[in-house]
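Please treat every number below as a calculation from the coordinates, not as lab data. This structure is a prediction, so every number in the text was calculated from the model and none was measured.
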Amino acid sequence: MAKRTPARRRPRKAKPNTKGFAPLECRLEGQTGNTSAAGDAIEKSGGCVMGSYKEPLGGHPVLISILPIDAVEPTPFQRDLSDAHHKRLADVINKTGRFLDPIIAVVAPQGGFWTPNGRHRLEAMRRLGAKSISALVMPDREIAWQILALNTEKAHNLKERSLEVIRIYHGLLKEDESRPESQFAFYLEEPALVTLGICYENFPRFGGATYHPILRRLEVFTDIPLGAAMKEHEKRANLVLDLEEKVAAVVKKLKERGLLSPYLRAFVVARINPLRWIKGEPPALEDVLQSMRERAAKFNVEKIHPQDLAGAAGPSDDEN
């Protein structure tokens, strides 16, 4: 049986002044190892280190820097740029005449810098024609994988989260696909997002919110290598997309009968979902999806009446 990832627990509120470092303890005395290498990369790019400190919670070194704006790119595995958001941000920065919120940056593998947190601020400054940008440079490149935890600049919907996760997964595979998937549970947030990300890559208008609760309940991160785990996610994604085809066919028949509702897909999926009646340990995801495919193929639209849809809820058919 696959090893389940421990449930996440929100940390309790700590007693005041019991964790981290006092102000004077955050002084960074000298630079060695990764910190020195990051400083050299900054200087080589044409940027400059303005200062350094140990961040006050974990004591990790941070370099306060000014980087040439052309030396910085977003990490290749984060969400798509929101055109409206970065233009709106540029207007605000332009009106105030101040850029006061540094981006987070790490040294990129092939030179230059990646920002896992600050893509919209970066594009806003480029839109304004800025020559440089202030950045908090982290010597440890591992921070680039923690984008989902760090990027709070704009709320993610399910599609954005899923696409970010699958892009992170592709990046991890390129670095070393032999590492166990469970090692990256924190970076990937939840295994269902990997499978949904594959679905969205194949069909951008896929209605993932309808299937998310099922995948979230049954998928777990495993200790098998990333390469093998990816193949398992791809198999599940194919099963989900095949199920979606059958569900879409049922929805079309319901609409042809004059049954109109923004929740038709959610209604059909709820009707064919066997988890509603299962208590205790559920069956494997593959078995559940197979059962749902068979139920969708046998779905009798003639037995569905307008009053049956009255209490229908869940994600709308237009939600991606």
* For the chain, set up a Gaussian network in which alpha carbons nearer than 10 Å are linked by springs, and say which option among K255, K246, K19 fluctuates the most. => K19
* Which of V194, V92, V247 moves most in a GNM of the chain, Cα contacts under 10 Å? -> V92
* Asked: Based on the Cα gyration tensor of the stretch 162-314, what are the three equivalent ellipsoid semi-axes, each the root of five times an eigenvalue, rounded to whole Å and given largest first?
  -> 32, 16, 12
* Which percent of Cα pairs goes in each bin when the distances of the chain are cut into 10 angstrom slices starting at zero? -> 5, 21, 26, 22, 15, 8, 2, 0
* Would you mind checking the pairs K54/K159; K159/K253; K159/K252 and listing those with alpha carbons more than 31 angstrom apart? => K54/K159
* Structure fact -> If one builds a Gaussian network model of the chain from Cα atoms under 10 Å apart, the most fluctuating residue listed among H86, H233, H60 is H60
* How big is D for the stretch 30-150, in µm² s⁻¹ as a whole number, if Stokes-Einstein is applied with the Kirkwood radius of its Cα pairs at 37 °C and 0.692 mPa s? -> 225
* Computed helical MRE - 222 nm, the chain, DSSP H runs ≥ 4 contributing -39500 (n - 2.57), nearest 500 -> -13500 deg cm²/dmol
* **Taking the chain and dividing mean pair separation by its residue count, relative contact order in percent (alpha carbons under 8 Å, at least six apart)** => 15
* Taking every DSSP beta bridge that has both residues in the chain, what percent is antiparallel when rounded to the nearest 5? -> 70
* Asked: Considering only DSSP beta bridges whose two residues both sit in the stretch 30-150, what percent are antiparallel, to the nearest 5?
  -> 70
